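First comes the structure, then the notes that go with it.
The values are calculated or read from the model by the stated rules, or taken from the named source; none is laboratory data. Computed from a predicted model, the values in this text were never measured in an experiment. In this analysis, Cβ positions are derived from the backbone assuming ideal geometry, glycine residues included, and neighbour counts consider all displayed protein chains.
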Amino acid sequence: MVLSEAASLFLKFCEIEKKLSPYTLSAYRGDLLMFGQRIGLSQPLSNFSELWINDVVHIWRSDQDLKASTVKRRVACIKVFARWLFQHKFLESNCLERLHLNIKLPKRLPRHLQTSDMKKLVSIDHEMLTVNVDNGLHNKWARRDWDMLTARLAIEVLTLTGMRIGELAKVGIYDIDHGLRKIQILGKGNRERQVFFPDRVTSTRIRDYRQSAIVRFGKVIPDALLLNGLGRPATDQYLRRIIRIFAQNADLTKKVTPHMLRHTAATQLLEAGVDIRFVQKLLGHASITTTEIYTHVADHALRERISRVNIRKRLEMHR
């Protein structure tokens, strides 16, 4: 067997057995192709060793056009591939035991929106957008109004629940329990979790959105929570685009992405005093270490509270 054949089998395994998302599969396919082009796609698999990985990683690291994060992602993919080869007896030994790679990434705090920015976003009234959609079925602005309504609801759900944009795009109306104000999510690695609304307002807005969809597109519409302007299930690309446009219309100077809203949800919860373990569960992080990065983002809130309390001043007043 040659390297290209093994890579195809691995990708098929990831798709059928692991049920990885199309985006993860696409990233794996691209990373394996980059690896194969350096080594030789027709190389016999029996020659696979840690030397292959070391040589390719050295080339990638020397490429000034490649970010460290890209190299780290590619290495992670090759490691998963090598481990799979060994576990399925395509390799006689586990070459990863002899591999020592340490790719350090610059520490970056997750980008989130300040409360003032979020207030600008939600200042565009959801109920008014609903009226615009229901009253504008036959005018040329109807498509734009629908996009605005969908973006407004998407922003609200993302910010309140902290879910990923890919997870939101897959939510169906039957995944929502309005009585308990919760949504059932199938997240990364096919791990199921639940997210919750803080009150019934969002639940009511979801119902109103569904009713507007029926009025606009007819009773026979998909079960997806969010729909695009043609009445089809909204993709994450569509949601990214309309959220960006919505933020521009709200006069935000920074480019707003769905993942920034996820970061904002985590930061807001931690600043409000929610236990980090609950935030970890809400976001679907496998490791609490991933969640802990948000504690650094919330430091400015801690500074402000300490400044307001001003312990030194309180103590010195009573000397």
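Just for helices (runs of 4 or more DSSP H) wholly inside region 1-98: which have at least 2 residues that are among the aliphatic types (A, V, I, L, M), more than 26 Å from Lys188 (Cβ to Cβ) and in contact with a helix residue (DSSP H, G or I) (Cβ under 7 Å, 6 or more places away or on another chain)? Steps first, please.
Numbers: elements: 3-16, 22-39, 50-62, 68-87.
It comes to 50-62.
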Checklist entry - Does any residue of region 72-94 turn out to be closer than 30 Å to Glu292 by Cα, exposed (fewer than 13 other Cβ atoms within 10 Å of the Cβ), free of Cβ contacts under 8 Å to residues at least 24 places away in the same chain and out of contact with any strand residue (DSSP E or B) (no Cβ under 8 Å at 6 or more places or on another chain)? => result no
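Can we say Ile206 is of a type outside the set (Ser, Thr, Tyr) and touching a strand residue (DSSP E or B) at 6+ places or on another chain (Cβ under 7 Å)? Walk me through it before giving the result.
Details: of a type outside the set (Ser, Thr, Tyr): yes; touching a strand residue (DSSP E or B) at 6+ places or on another chain (Cβ under 7 Å): yes.
It is true that Ile206 is of a type outside the set (Ser, Thr, Tyr) and touching a strand residue (DSSP E or B) at 6+ places or on another chain (Cβ under 7 Å).
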Checklist entry - Does Ile183 meet the test of being buried (at least 16 other Cβ atoms within 10 Å of the Cβ), β-branched (Val, Ile, Thr) and assigned to a helix (DSSP H, G or I)? => result no
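Would it be correct to say that Gly40 is surrounded by fewer than 17 Cβ atoms within 10 Å (Cβ to Cβ) and touching a residue at least 24 places away in the same chain (Cβ under 8 Å)? Walk me through how you get there before you give the answer.
Numbers: surrounded by fewer than 17 Cβ atoms within 10 Å (Cβ to Cβ): yes; touching a residue at least 24 places away in the same chain (Cβ under 8 Å): yes.
For Gly40, the condition - surrounded by fewer than 17 Cβ atoms within 10 Å (Cβ to Cβ) and touching a residue at least 24 places away in the same chain (Cβ under 8 Å) - is met.
Of all residues in region 229-255, how many are in contact with a Leu (Cβ under 9 Å, 6 or more places away or on another chain) and either of a type in the set (S, T, N, Q) or at pLDDT 90 or above (or both)? Steps first, please.
To start, the set of residues in region 229-255 that are in contact with a Leu (Cβ under 9 Å, 6 or more places away or on another chain) comprises 233-234, 236, 238-239, 243, 246-247, 250, 252, 254.
Then keep just the ones that are either of a type in the set (S, T, N, Q) or at pLDDT 90 or above (or both); that gives 233-234, 236, 238-239, 243, 246-247.
Residues in region 229-255 being in contact with a Leu (Cβ under 9 Å, 6 or more places away or on another chain) and either of a type in the set (S, T, N, Q) or at pLDDT 90 or above (or both): 8 in total.
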Checklist entry - Within region 189-229, how many residues are among the small types (Gly, Ala, Ser), surrounded by 12 or more Cβ atoms within 10 Å (Cβ to Cβ) and either free of Cβ contacts under 8 Å to residues at least 24 places away in the same chain or in a helix (DSSP H, G or I) (or both)? => result 4
